[in-house]
1. Say R0 is 35 Å: what FRET efficiency, to the nearest 0.05, do B:E78 and A:K137 get from their beta-carbon distance?
2. Where Lys and Arg each count +1 and Asp and Glu each count -1, what net charge lies around A:C532 among other residues with Cβ under 12 Å from its Cβ?
3. Hey, what D do you get for region A:3-90 in µm²/s if you plug the Kirkwood alpha-carbon radius into Stokes-Einstein at 37 °C and 0.692 mPa s?
4. Over the Cα atoms of chain B, what Rg and Dmax result, in angstrom?
5. What does the charge count near A:P288 come to, summing +1 for each Lys or Arg and -1 for each Asp or Glu among other residues with Cβ under 14 Å from its Cβ?
6. Can you give the calculated 222 nm mean residue ellipticity of chain A, where each DSSP H run of n ≥ 4 adds -39,500 (n - 2.57) and the sum is split over every residue, rounded to the nearest 500 deg cm²/dmol?
7. Grab the beta carbon distance between A:E79 and B:K3, set R0 = 60 Å, and tell me the FRET efficiency rounded to 0.05.
8. Would you mind giving the mean number of other chain beta-carbons within 10 Å of the Cβ of each residue in B:7-15, as a whole number?
Amino acid sequence: MEKRVFIKDTNHVGKKERTRDFYTAFLAQLRERKLENDVQLIRVADIGAYNQGFVVHIYPDDFLYSNVEMQDIPRMIEESILGGKKIDDLVCHHISKQFRIVLRNCGVIDPRNIDEYIVHDGYQAIEKILSGYTPEKVLEELKTSGLRGRGGAGYPTWLKWQFTRNVPSDQKYVICNGDEGDPGAYMDRSVLEGDPHSVIEGMMIAGYVIGATKGYFYIRAEYPLAIERVKNAISQAYQYGLLGENILGTDFRFDLEIRLGAGAFVCGEETALIASIEGKRGYPRPRPPYPSVKGLWDKPTVINNVETLANIPVVILQGGAWFSNIGTGASKGTKVFALTGKVKNSGLVEVPMGTTLREIVYDIGGGSASQAKVKAIQTGGPSGGVIPEDFLDTPVSYESLQKLGSIMGSGGMIVMDANDCMVDIAKFYLRFCVDESCGKCTPCRVGGTQMLNLLERASEGTGKREDIEKLKKISLAMQRASLCGLGQTAPNPVLSTLRYFEDEYLAHIEEKKCPACRCGALFRYSIIQEKCKNCGLCAKNCPAGAILGDRESGYTLDQEKCTRCGRCFEVCRLGAIFRG
Amino acid sequence: MKKLSVDDLSAMRKELKKKKGSWIRVGCSTCGIAAGAKEVFDTLKEEIQKRDLKSLEVKQCGCIGMCYAEPLVEVMIEGMPKVFYGKVDKDVALKIVEKHVCGKMLLNDRIYDAKRSR
């Protein structure tokens, strides 16, 4: 087989006849030219393009064509397959804009084998630095690169390092923050599991620059595989002399240890994280002093997120100028997002900053997973907010997302469709923060609970008009007076849903209706007897036994027993279940 | 093993880069394992051994990011496009060895991504 041709119908899901007809026609034309033994035609499950008709990919020439029609088959065979020439008017332009820096080795190397990391330019950055870079030179590269913290706040990494470097002390520390706690976010886990050495190398470089000889991985205990792989990676690095004393024959020394987090969300906050490593209760403390002055055991400490650290070796190897060419405005490089929710292709995506949200959700994610339209996306987890579909053309950057009332955060991106209720979403995130509030300061402890009560009232149909004002007022108090980031940002999901979807709140409070039919107290299911053909499918599928009757006498729905799960609504093929 | 110096490390990297050959990689991060990657990995290893395909290496790797299509198996056979098979189970794994590795033909309806192999 000299050539391979991949085909995929990117418009229709489940319409196999269309693909079959196209495939058969293509094959017949290949046979006509006696090419069936030289060209293999393959139907693929995914081709990286969506809603662009038939997409055809020709190997090894790497021609990607979209919106291909039946009549294009002969010229594709003549010109591209036999002639090796690209047909310009068929070329596909909407392809995935992924660009991998952080995930460069994830899924490429065996994370349990240090040699595979070394072969992919691993430990080459530290080698370069120890062969003649001063700490100032490294800082200079980082400053040029414009790399900012990927944990959410976006503080310039070089500045954080410089502050810590400038504080005189007999001992300093580097901490890797692997306490990833946002619901639906798993970027850091994937990096730790798939490429632990890149994070180790990033920490070594941080240690060299600030003058620290000791580093700690803080990883949550819910990530057993990540812990196992990091442990293994550390021991391999020791064996090779890449950790310990006299690294690579120089007098640089660096030791690494792992500390496990017990899963408290607040421990992702740096001062609480430090307390947790010290063996104390994971309480945040007021800043300043910042950890760069007084951190772990009161010594100057740099805390960086996993993703930030994984960027460092690449910045050094490729140079700060190269890195600063990727991205937009004040946000340089790439960002990894965990794309989840009602999207066709959930998974990890890494895109250059400045890529629009629409490109992420539609060109990479393939758009909505169901028939329902995408309504909004949620970024930044419990500290972030929702961004409605109208704003999806916004390019991703720290500033642009903040302007929309959300934040970049650590990289969770949850897609929501018309079946998601915004009051319900706000309630979900707020409950998360209420559960995770450490209880130390009053605004967060009391404010969160009060807000949750108001939201619960709204979703139960007992809300009052003035509740919206109350929500806004408590939010403001929490933002201003809470001790740490958890409390300060906890009202964000409520405020952003109020900002864009106030009509949904009003529908709950004034009309006592849930437009998306999610809040159980505000809608009901019933059987439309005129449409019902007594098939019994709903009764068979009802987990609560709320549909009574039999095939002879027909069915009725017992409202007392109904749990509003919606199973009957989904399974009924006749549309005989009423919802509202 | 002795501690590496700067020169040792670059010499080692150079030496390791020379290694070529065909391979199969199975995504074995938490997401892949939860979807059944370990069984797929074991099946592939066993089958390769049974057919005595010594030059073919079966490896584990981290998460490539296409979580919707786990378990993922990437196959690179010299002279063929490098492809990702998604939603692989035991049967598909056996077919990969039989048709792709031995028969040099790609499988229909299972490929999620493809790249030119070098």
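The values are calculated or read from the model by the stated rules, or taken from the named source; none is laboratory data. All figures in this text were calculated on a predicted structure; none of them were measured in a lab. In this analysis, Cβ positions are derived from the backbone assuming ideal geometry, glycine residues included, and neighbour counts consider all displayed protein chains. Heavy atoms of the whole protein, side chains included, go into the accessibility calculation; ligands, DNA and RNA do not. Shrake-Rupley method; radii C 1.70, N 1.55, O 1.52, S 1.80 Å.
1. 0.25
2. +3
3. 254
4. 15.8, 49
5. Within the 14 Å Cβ shell, the charges total +2.
6. -10500 deg cm²/dmol
7. My answer for the efficiency is 0.55.
8. 5
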